[in-house]
Each structure stands twice: as structure tokens, then as C-alpha cells.
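Working notes, structure below.
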Amino acid sequence: MRKFLIEGLTRRPLTEAGPEPADPALEDQGLSLRTTLKQRLGRSLSIRQVDAGSCNGCELEINALGNPFYDLERFGLRFVASPRHADVLTVTGPVTKNMAEALQRTYDAMPDPKWVLSVGDCARGGGCFAGSYAIVGGVDAVLAVDLHIPGCPPAPVELLKGLLTILESASARI
Amino acid sequence: MSETSDLTTTTAPEFRSGPTVTHKVSRTVWSGAVETLGQGQLTLLSLWASPSAVTMALLDEATKRIGILRVDARRQSFPSVGRLYPAAQRLERSITDLYGIGPEGGPDLRPWLDHARWGVTHPMGATKAGDAPVTYAFLPVEGESLHQVAVGPVHAGIIEPGHFRFTVQGETVVRLEQRLGYTHKGTDSLMTGATIARGAELAGRTSGDSTVAYAWAFAQAVEAALATHVPQRAIWLRALMAELERLANHLGDIGAICNDAAFGMMLAQCSVLRERVLRTSDLCFGHRMMRDCVVPGGVSHDLEGAGRVAVAALVKEIRGTFPSLVALYDSVASLQDRTVSTGILDPALAKRFGAGGFVGRASGRDFDTRRDLAYAPYDKLKFKVPQRSEGDVNARVWQRIDEVEQSLSLIDQILAGIPEGLIATSLAAAKTSREGLGLVEGFRGDVLIFVALDNRGKIARCHMRDPSWFQWPLLEAVIEGNILADFPLCNKSFNCSYSGQDL
Ligand code: SF4
């Protein structure tokens, strides 16, 4: 174990610089990420994630945000275990009929103000599962969505951009 | 037709090279097969329905032959398999939910996938307007000083949804009952009438962590049905993708298991290696998880020079770093204290349920599709199928450590031996209806996909059986007698797919 600890002190960190506001799709939402990073100082957001019926691909990439390359927490962003502690709800997957109520209840358990981020192609309109008897549609069939991050699944960098965008929007609204 | 050799006559080279031969059998023969299953002489590979029939796929592990039996179900019922072979019970309950076809003498007739929220009943059979939701009848528990803990469907971590109902006495779990189906997306119904390309898209999105395994099994099924010969290079590239997928999952999960025992350093270190695998996959095949990279007829991306170099560098890096992580795992007493002798899966149960993958192999079930129902290019590659018998969390971790090493060796061999040539061929046109079977060893175990094509080449029926079907029920058995706090650890050491079984 000592070896790893010493290496941790002597090696260059693997963590990469945060993403630039490069994605025009996200900039369309009228938010500049460059200012986000400045204004964000001192701000932080707690995020609750709900899988509303995904294939699990999206969750894997959300989990990757915690690895040393992306190190989500340095931005003040943190995934929390309870909706009662959360400012942001990220939702993945088409919303299945079997999960719609649990999703709504999770949202209801969050304190105001709160934001909803839909993640992955399925989360918009149900993606490739649209039209099935078993889904209600995308996340917006149940909740008002503030921002959507496309991709199947979105790469961690795209997720990071989306979360930073929300962070900016959150600062603007409070 | 009751001898096991009469029930299972098809060899792997046969079902892998041409359309599947399905035996239409009488109810008597079907029931005979169920008896044989119940006696432990055969293993159930899967059980599925179409609107008028029920089909089972059997494996004789001794002769490595399979058999596909189909019994008529136009009267909306069939002789239960789960009556004598418990691993079939959830499959039967799903058949009833989706088709309205019931198992005669089935021991558990409660709904499984149907939570009475679809607005319809039997969506794949004689559909009717659905009933109002009713309270699900969990199994009764009686006894002194028992209490229940209900968890889910929304879990605390970033994982898939499902419900666990624990009955505990003090800290000790007396019974776990799972309730799944929350991620049911009606994939089977979307498959029906779909084109092969659309089918491949859906198959690759059944269980996100196994997209290569699913896409490959689907491609195998279609290619077998159409007796299509896929170029050798494509087949070797598929194996490269499959081994990269296995590496990514094993590395990620080894870290995550340790994290569930509060040893975060392993998670950090393993997640670095996992990320490197994903980045290499992205560089080689244009997607971190290689989604849609295996397509019926071949693969979508060739491996270029830069990709080759990156894969070789990846193998080198993992070989350099991984052994010290393994040594770390093995030397931290607080970690061993959590994993050793926790969550023991009895080898007899693993065998009885036909548990595949590392879950089965860590409990002595010596089965690997790559070797036992071999498919190209694994028939030309050298690898061992590691195996253990302790069946605890520690054994499952070690099993995966050993499998990482095998995957690295396979990747070496693939890089050295991959033939030049085309990476895809066009599929033969289907002029008559036909069926095909695909079986691929994903990281979690054997993924089975059965495809029936109609005479226009559209999908008439596609059944996908995730390895989790036969692993989830065992998790219920494994947690018994363990403390509740060890559940996350046991659960992670199984890492069953919710979406793969809910479909
Ligand atoms: S967007 Fe893609 S990865 Fe995400 S849940 Fe849907 S199919 Fe899976």
C-alpha cells in the first residue's frame, strides 16, 4: 500500500483539465461555461441520479466521472445517496411505466430549488425504445427537464459539460 | 425420447454454422425432458414463448450438445418446467406476463415483469386492457423477532433499479426476496417485425455493459439462420472487442467490490485501468463501449495501425500495474476480513441453476461458452478457463483477477494472429422462414440469443436470455445468514444485470 501512497505523491496527477465550452449544442442553452468556472467558486451542487429504465450504459459513464481522470468532486459536484440532499436530479433511460412513479416520488422528495438533467438518447422521447407498451416516453413525459445531454451513452466529458452548465444556470437562478 | 442423448443431439459446430433445428415434441416428451432437468442430468439454457408455443434450449454438459424442444401452447398452457427445475420459474412467470401462457403445475404463479402498470395485460399475446395495480404478494415470513427492510427500486448508488425485501433477525439476513422488472422496456415486442439492422440496435442496448457480447450473439443468431460466412478478420476483431469489454468490466468491478468494503484506493486504481481500456476502445473502434461495432455480417470498424499500437500498449500497462493491485488486494487484512467466507454460493446450487460466468466458475461450475460450445476464433486461441470452488466473495474476486490475465493473453494472440481481409459481408437474403441461435461468453456469463426470421427477412421473434436470469435467484440464497451490511458486497460480487433480465 505504501508504494501506491508514495506514487500518489510523486507522480503527476492523472486528472485532466475541465472541458472547454466547446459544444455548440450546450451553448445554445444560453450559458457560457467559461464564466461558470469563475462564478462557481464557493458554489457546489449535490446530484441525485435515477435510472428510470436505462440499459445501464449511461450509469457506467456517470460512474466514470468519479475516476481520477475526470474527478467530478473538484468542481463542487457530488452524487448523493438521498434525493432529500440533492439540488439536481439526473435521469437516465427511457422512463418505463414500472419506474415512472418511483421517478416522480424521487423528484418530489427533493427540496426546492431543483433542476432536472436528462442523460442519454433514451431519456429524450424514449430513444430506440420509443413506441413500446412498457415506456411512458422520455424524462419530459414525467418531469420538466432543464437540460438534456445527448449520446448513447454520453462520454464523461459531455456529462461534465452538462453538469457545469447546470451549475451556471443554478447560480443564475438563485 | 427420454434418454438425455436423444434430447440433446446438436453439436456446437452444427448450430453455429446453419439454421437451428427445433424439435416439435409432444407434452409427454416435454415432461420427460423436465424430469431429466430436475434430476440434474441436463442444464436449461433458456425457456421462451411465442404466441402459440413454448420452447426450451437444453445443454448436456457432459457431451457438450444442445437440444431445442418446442411444445404447442395454443391452449394457453404448457407443462411447467419450474415445477422440477427452480431456475425456470422466473422465466415462466415472464412468459405468463407477456403471452398469457401459463405453466401447468407451476409452483409460483405471481407476476414477475408485469407490475400492472402497462395499461395492458399479455402485451405479446391476446392483449387486454390492464388491471389496476395490486399489492405484490411477497412471500410470508413467520418467526420471532423478525423485521423487514425494504430497499429500492431507487438505490442509494448510481446503479440500476430493483427492489430487495430483506427479512432480518438482528443483523442477520434470514431471507432476501427480490422483485425486479422495473426496467422492463418491452424489447421483445419492439423486436417483432423489426429489420435485422434494427434488431441489432436493440440487442446492443439490452445490457449496456455487455453491448459487444449481445451484438455478437445477435449477429451469430442471424448469421446462423442465414448460413452466412463472416470474413475471418471480422471474427477476430469481434473477439478483440469482446476481450476488451471483459477487461473493462472485470477491472471496474474488482475496484467497485473493494469500494463496497470501504477500500477506496482499489476503486481509484482500478478505475484508471478501466478508463484506459475504454479510451483504447474508443481510439480503435470509435466508441468507448464499442456500441454498434459488431454488426450482422461483420464489424463496423477495422483495426488500424494506431489502434494496434494502442492495444499493445494497453496490455503492457495493465500487465505492469495490475499485479501490484492484486498484491494489494491480497495483503490488506481489513479487506480480506470482509470478502473471505462472505456470501458463499454452494457449488451444488450453482450447478443446479446452470449459473454461468464468474459466479458459476467461482463455485466450481466448469463452463465457458468459448471453450465448451466453441465459436471462432476461440477454437484457434489458447486460453485456460480458471475455476475455483470456495464460492465466496473472495473467490469471485480472484476468479475475475484470473480472467483478466486470460483476456490479456487472448488479446496478445489476437494481435499476433489476426488475418488480413474484409471486415464485413452482406447477409444472404431469407426466402423462407428460419431460426438461428447465438451463444457468446460475455463478461457476466453466457448470453443466449434466439432469432426467428420470416420469409421476408424480418424478425418474427427474438429472445435474449441474459446470464443474470440464473444468477439473481442465487443471490437470494447467498445472502442468507450473512449480515445485512454485507449485502452491497455480495451484490456487487455478483453484479447481475437488471436491464438484461427485465428486458
Ligand atoms: S442512451 Fe444508450 S446507453 Fe443510455 S440508456 Fe439509452 S441505450 Fe443505454
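No value in this document is a laboratory result; all are computed from the given coordinates. Being a predicted model, the structure only gives us computed values, none of them experimental. Methodologically, a virtual Cβ is constructed for each residue, glycine included, from the backbone with ideal geometry; neighbour enumeration extends over all protein chains shown.
Side notes on the structure shown:
- Given +1 at the Cβ of Lys and Arg, -1 at the Cβ of Asp and Glu and no other charges, the dipole of region B:207-467 around its Cα centre is 520 debye to the nearest 20.
- Enclosed volume per residue, in Å³, of the convex hull spanned by Cα atoms of region B:2-129: 101
- Since only B:S52, B:L408, B:L448 are under comparison, the one whose Cα sits farthest along the positive direction of the charge dipole of chain B, derived from C-beta charges on Lys, Arg, Asp and Glu, is B:S52.
- Exceeding the 29 Å Cα-Cα cut-off - candidates B:K316/B:K384; B:K64/B:K382; B:K382/B:K431; B:K24/B:K458; B:K128/B:K185: B:K382/B:K431
- Net charge in the neighbourhood of B:I196 (other residues with Cβ under 14 Å of its Cβ; Lys, Arg +1, Asp, Glu -1) is 0.
- Couplings for region A:140-153, taken from phi via the Karplus curve 6.51 cos²θ - 1.76 cosθ + 1.60 with θ = phi - 60°, read 5, 6, 10, 10, 6, 9, 8, 8, 10, 10, x, x, 9, x Hz in order; Gly and Pro are left as x.
- Residue mean of other protein chain beta carbons inside 10 Å, A:127-139: 5
- When the square roots of the Cα gyration tensor eigenvalues are ordered a ≥ b ≥ c, the ratio a/c for region B:315-418 is 1.5 or more and a/b does not exceed b/c, which makes its shape oblate.
- Beta bridges by DSSP in the protein assembly as shown, antiparallel share as percent, to the nearest 5: 70
- The A:E73 and B:V21 beta-carbon pair, evaluated with R₀ = 51 Å, returns a calculated FRET efficiency of approximately 0.35.
- Counting only Cβ charges, +1 for Lys and Arg and -1 for Asp and Glu, the dipole size of region B:168-239 around its Cα centre is about 160 debye.
- Ordering of B:409-421, A:96-108, B:186-198, B:83-95 by burial proxy (mean other Cβ atoms within 10 Å per residue, highest first): B:83-95, A:96-108, B:186-198, B:409-421
- Take each residue in B:187-193, count the other chain C-beta atoms within 10 Å of its C-beta, and the mean is 3.
- Whole-percent P(r), chain B, all Cα pairs, 10 Å bins from 0: 4, 19, 31, 27, 15, 4, 0.
- Computed with the Debye formula from one identical point scatterer per Cα of region B:197-268, without solvent, the log10 of I(q)/I(0) at q = 0.14, 0.17, 0.18, 0.21 Å⁻¹ comes to -0.56, -0.71, -0.76, -0.90.
- Counting beta carbons within 10 Å around each of B:Y375, B:Y136 and listing the fewest first gives the order B:Y136, B:Y375.
- From the largest down, region B:359-467 spans 51, 34, 17 angstrom on the principal axes of its Cα atoms.
- Euclidean distance of C-alpha centroids, region B:155-184 and region B:42-121, integer Å: 24
- Debye, to nearest 20: dipole size of chain B, +1 on Lys, Arg Cβ, -1 on Asp, Glu Cβ: 1220
- Rg in Å to one decimal, and Dmax rounded to a whole Å, for region B:207-467 via C-alpha atoms: 18.9, 63
- Burial ranking of peptide ranges B:271-284, A:114-127 (average Cβ count within 10 Å, highest at the top): A:114-127, B:271-284
- Overall form of region A:52-174 per C-alpha gyration tensor (a/c, 1.5; a/b vs b/c): oblate
- Cα-only radius of gyration and Dmax that characterise the protein assembly as shown, units Å: 24.2, 76
- Shielding value for B:202-210 is 5, the average number of Cβ atoms from other chains within 10 Å of each residue's Cβ.
- Checking every one of the chymotrypsin sites (Phe, Trp or Tyr not before Pro) in region B:150-240 against DSSP loop status and a limit of 15 other Cβ atoms within 10 Å picks out no site at all.
- Projecting the Cα atoms of B:W236, B:S468, B:L176 onto the dipole axis of chain B, where Lys and Arg carry +1 and Asp and Glu carry -1 at the beta carbon, places B:W236 farthest toward the positive end.
- Max-minus-min Cα coordinates of region A:87-134 on each principal axis give 33, 19, 10 Å, with the largest extent listed first.
- Sorted peptide list for B:20-33, B:112-125, criterion being average Cβ within 10 angstrom, highest first: B:112-125, B:20-33
- The simple spin-label model puts a point 7 Å past each Cα toward its Cβ; for B:S341 and B:S52 those points are separated by 5.9 nm.
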